[in-house]
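Just below is one structure, and these are the notes that go with it.
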Amino acid sequence: MAGDADWRRDDDAGFLDVARARQGPALRAAALVTLDPDLAEAVVLRALTDLALRWREAREEGPEHVLRAALYPSAVRAAEAREDRRDTQDGQDAEGPAATGPHVPPGADVPSGDDRSAAVARALATVPPRARAAAVSWWLEDRDAAGTAHVLRCSPEEVLADVDRVRRALATVGPRSTPPTGPGDAAARDLLDLLADGVVERDLGPLAEDAARSRRRTVRRRTAVGAVLAVGASTAAAVVTGRPDPSSADAVTSAAPDGRLRAVVADGVRVHLAPDADGLDALPRYPLADQLALPRRLWPDADRPLDMLSPAGTSSSVRAVYLVRSRPGALTPALFIPRISSRAQRVGMAPLRPLGTVPDAEGIALGPRAVDSGRHRVVFPQPGGVVLLEVRSSRTQRFEIEGETIESAGWAADDRTVVASSATATWLVDTRSGRVRRSGIAAHPGWADITSPAGRPTVRTFSEDGRLISLRSVLGPRLEVLGRSVSTVGGWTCSAAGLEPSPATGGRTRGLVAVRAGGAAEARVLATAPTTGSSEAYRPVGWGPGGVVLVEARTSGAGARIIRLLAWDVPGGRLHRVAEADEAALAAASGAGFTRAWTL
């Protein structure tokens, strides 16, 4: 039962982390749609409560996508209901929403500061709530017509008409030179930002969590007899099963039946020992593997030609990205989108060029955060720039970084900035404005990473646009960080590491190190059994729920090379199987053009 409670606490922490990161943009969007801060707060609280109730399912779909899908329709309905009530009570049908204040006539002097913000609000009040929602999605979230239409449950043509309607309304706020058709995209975005900047943010996550718990209790009371029987059966099973003895001698080469790993102390820190290559086959399946929506066979079937992604794109979430050789010197992405097919979907786009800097002829290194949080945009490093694939429209966009061979690229926490690195510099690419600038300080895709100055682990945190904001040393054994870290909005970060041999670990020299930024000042270490192949035989590729890092393990066992996807439960000290590809599957995939470059 204690393990279940720990798992639930991790689930709750994951929800609160996401709520804290996304409630600000959600409040800004709802305030612009409803033009009422109190109503906006109620709308966001309701959407967050629904997210908390669906949390396990939402993690698979993408929490940001689930929140947005609930938020916009709810905000539009609430705004429409408020305006209907006001019209009925005040008898202002002739003036409607415009009665909130005088408009700024076209060509008049442009107000500034609070006056201009009020003028923007008055202009927005002249258009229906759905048009305001379309404008927020279009300009502030950089969504295209198809993506906005999906969220608002209307047609792309209606979205374009709504955006044009708002553009014309904002013409009353712009400078004298603004045409009657309204401001351009950049000016319209600035006007919406001006009004949104006045929104006061509150921490609604705990309130939403409490509301969700209350609703769950209500449901449980209605089915009390069934719930009691179910809980009783689960408790009895847990008592009978018990916990295995982690100190058993064979725990070094195999894990306990529940995936629990043997732990030793090295340099004052607990280090968990992973099984050897053969012992990995006996690991239990990850309990939440189905929620990851990944196939048990890690590499796509290669028994027939790949299906092509529709030229119109899709609003379904991308779960994995593979690279396929279309011809010598040319690569194209293949996307695993489980809602469309159990097979990978090849993208009809201009081929990508391999990078000569990538080892083992993989072509392109797909690093952490190659896919954005919404699971709809993928970025690829290229010689002289980066290429962005928008899955919802199947369109691509290239951002030039002249004279640089970009070796890695990934999304910053704001899901707007791409952090692109070459051998000599790091660049920040604003995918909304197209601006590319060289970063004067350290930058990284995601929220945090781990480095190893002087051989000791140090955790760094990064701003929304990927720039370094803090660093601190943590307690841990001597190690060398290998490759790039993967991180979560909750502050967890993990990297492959080379370890200093220690008698306590049996002389193991490879493994993983994980740290929670803002948490305990102690690294969590997984020491892997000796393997053949590259020094990064274990490579973190993403995060699951509750402090579980997803790891690619390339090992050799029984004479065959195998690639596995494992789930390391960092707080619980367990290791589970998620998916795998054996030598035959890898050979078949290679014959079909698949490289071994992939990412989640």
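Within the range 400-424, whose backbone N sits under 18 Å from a point 7 Å along Cα→Cβ of residue 433?
Hits in the range 400-424 for residue 433 at 18 Å: 400-401, 412-420.
With θ taken as phi - 60° and the coefficients 6.51, -1.76 and 1.60, list the Karplus ³J(HN,Hα) couplings across the range 310-321 in order, rounded to whole Hz; mark glycine and proline as x.
With the stated coefficients, the range 310-321 comes to 3, x, 7, x, 8, 8, 6, 7, 7, 9, 7, 10 Hz.
Run the quick spin-label model on residue 414 and residue 164: label points 7 Å from Cα toward the beta carbon, then report their separation in nm to one decimal.
The answer from the label model is 3.1 nm.
Ignoring ligands and nucleic acids, what accessible area does residue 138 show with a 1.4 Å probe (Å², nearest 10)?
Per-residue accessible area (residue 138): approximately 60 Å².
Based on the Cβ-Cβ distance from residue 265 to residue 470, what FRET efficiency comes out when R0 is 25 Å, to the nearest 0.05?
On the way: r = 29 Å, r/R0 = 1.15.
Step by step, r from the Cβ atoms, then E = 0.30.
Leaving ligands, DNA and RNA out of it, work out the accessible area of residue 308 with a 1.4 Å probe and give it in Å² to the nearest 10.
110 Å²
In whole Å, what three semi-axes, largest first, describe the equivalent ellipsoid of the range 441-550 built from its Cα gyration tensor (square root of 5 times each eigenvalue)?
Values: eigenvalues 105, 43, 32 Å².
The three semi-axes for the range 441-550 are 23, 15, 13 Å.
Per residue, how big is the convex hull of the range 383-451 when only Cα atoms are used? Give it in Å³. Walk me through the numbers on the way to the answer.
On the way: hull volume 6.8 nm³, N = 69.
In the range 383-451, the Cα convex hull volume per residue is 99 Å³.
List the residues whose amide H sits under 5 Å from the amide H of residue 405, counting only those 5 or more places along or on another chain, with H placed 1.01 Å from N in the peptide plane.
384, 423
Counting only the heavy atoms of the protein chains, how much of residue 80 is accessible to a 1.4 Å probe, in Å² to the nearest 10?
For residue 80, the solvent-accessible surface is approximately 80 Å².
Tell me, what ³J(HN,Hα) does each residue in the range 260-273 have, in order and in whole Hz, if you take phi through Karplus 6.51 cos²θ - 1.76 cosθ + 1.60 with θ = phi - 60° and put x for Gly and Pro?
Going residue by residue, I get 5, 9, 5, 10, 10, 10, 9, 6, x, 10, 5, 10, 8, 9 Hz, with x marking Gly and Pro.
Between residue 308 and residue 330, how many nm apart are label points set 7 Å from Cα along the C-beta direction?
Between residue 308 and residue 330, the label points sit 1.3 nm apart.
I need the phi-derived Karplus couplings for the range 412-418: 6.51 cos²θ - 1.76 cosθ + 1.60, θ = phi - 60°, integer Hz, Gly and Pro marked x.
Coupling constants for the range 412-418: 6, 5, 7, 6, 10, 9, 9 Hz.
How far apart, in nm, are two points set 7 Å out from the Cα along the Cα-to-Cβ line at residue 590 and at residue 54?
4.3 nm
Roughly to the nearest percent, how much of the accessible area of the range 439-548 is carbon and sulfur, given a 1.4 Å probe?
Details: 2150 of 4070 Å².
Summing carbon and sulfur atoms, their accessible area is 53 percent of the total for the range 439-548.
Å³ per residue of the Cα convex hull, for the range 423-474?
Looking at the range 423-474, the number lands at 89 Å³ per residue.
Run the numbers for residue 291 and residue 451: contour at 0.36 nm per residue of separation, minus the present Cα-Cα distance, in nm.
Numbers: separation 160, 0.36 × 160 = 57.60 nm, distance 3.12 nm.
Taking residue 291 through residue 451 to full extension adds about 54.5 nm, to one decimal.
Of the heavy-atom accessible surface of the range 267-345 (probe 1.4 angstrom), what whole percent is carbon and sulfur?
Values: 1670 of 3430 Å².
Answer for the range 267-345 is 49 percent, counting heavy atoms of protein chains only.
List the residues whose amide H sits under 5 Å from the amide H of residue 266, counting only those 5 or more places along or on another chain, with H placed 1.01 Å from N in the peptide plane.
Excluding prolines and chain starts, which carry no amide H, the hits are 271.
Tally Lys and Arg at +1 and Asp and Glu at -1 over the other residues with C-beta under 12 Å from the C-beta of residue 76: what net charge comes out? List each step's numbers first, then the result.
Details: positive: 77, 82, 130, 132, 153; negative: 80, 83, 162.
Neighbour charge sum, excluding residue 76 itself: +2.
Probe of 1.4 angstrom, ligands and nucleic acids ignored: what's the accessible area per residue over the range 328-440, in square angstrom? Walk me through the numbers on the way to the answer.
Working: 4120 Å² over 113 residues.
Averaged over the residues of the range 328-440, the accessible area is 36 Å².
The values are calculated or read from the model by the stated rules, or taken from the named source; none is laboratory data. Fair warning: this is a prediction, and the values are worked out from it, not measured in the lab. All Cβ positions, even for glycine, are placed from backbone atoms using ideal geometry, and neighbour counts span all protein chains on display. To get the accessible areas, we keep the full protein, side chains included, count just its heavy atoms, and leave off ligands, DNA and RNA. Shrake-Rupley method; radii C 1.70, N 1.55, O 1.52, S 1.80 Å.
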